Amino acid sequence: MTKPDVKPEEHKGWRHWFHRNPALNLAYRIGVGVIGGLVLIAGIIMIPYPGPGWLVVFAGLAILATEFEWAGRVLKFAKRYYDRWVVWLKRQPSWVRGLVMAGVCAIVLVTCYFLNVFALVGGWFGLEWSWLQSPIFGSR
């Protein structure tokens, strides 16, 4: 009797249990896709804000790359271009770095305005100015 052609790595670890059952394997891949996708989306939203935005993007791609080859390629691509961007930005004069920082600050301020953060904080101090109200979430 001959053994079936099975890769030795498929018998190691807990992951082989999912590979043995196609329905279970599909459910696992869907779960990885959903969790990795949510982490990736959260990271993209967090990019312009202070904190670990890019780290969360890379974590989401790494989660997806455990099951999807395309995500591994995107992860390598994103890391390469992120590193290039950082090196390029460090070589720029102060005024260019200042313009980039001003652009990031503008994105943060516009997002805070649309999310009604200014009206919320203003309300803590008794400032009920109409221009602080977001056109999206500002109705009271």
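The values are calculated or read from the model by the stated rules, or taken from the named source; none is laboratory data. Being a predicted model, the structure only gives us computed values, none of them experimental. Using ideal geometry, Cβ is built from the backbone for each residue, glycine included, and neighbour counts are taken over all protein chains shown. Note: areas computed on protein heavy atoms with side chains; ligands, DNA, RNA excluded. Shrake-Rupley method; radii C 1.70, N 1.55, O 1.52, S 1.80 Å.
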Number of positions in the range 82-93 that are at pLDDT 90 or above, assigned to a helix (DSSP H, G or I) and of a type outside the set (A, V, I, L, M, F, W, C): 4
Residue count, the range 87-115 (criterion: touching a residue at least 24 places away in the same chain (Cβ under 8 Å) and open to solvent by 60 Å² or more (accessible area, probe 1.4 Å)): 1
Residue in the range 16-35 that is under 30 Å from A102 (Cβ atoms), in contact with a helix residue (DSSP H, G or I) (Cβ under 8 Å, 6 or more places away or on another chain) and modelled with pLDDT of 90 or more present: no
Elements of type helices (runs of 4 or more DSSP H) contained in the range 14-66, each with 3 or more residues being hydrophobic (A, V, I, L, M, F, W, C) and open to solvent by 90 Å² or more (accessible area, probe 1.4 Å): 22-46
Residue among F118, F77 that alone is hydrophobic (A, V, I, L, M, F, W, C) and surrounded by 12 or more Cβ atoms within 10 Å (Cβ to Cβ): F118
Near pairs, Cβ below 6 angstrom, 6+ apart or cross-chain, from the range 116-132 (free of Cβ contacts under 8 Å to residues at least 12 places away in the same chain) to any residue that is assigned to a helix (DSSP H, G or I) and surrounded by 10 or more Cβ atoms within 10 Å (Cβ to Cβ): G122/L132
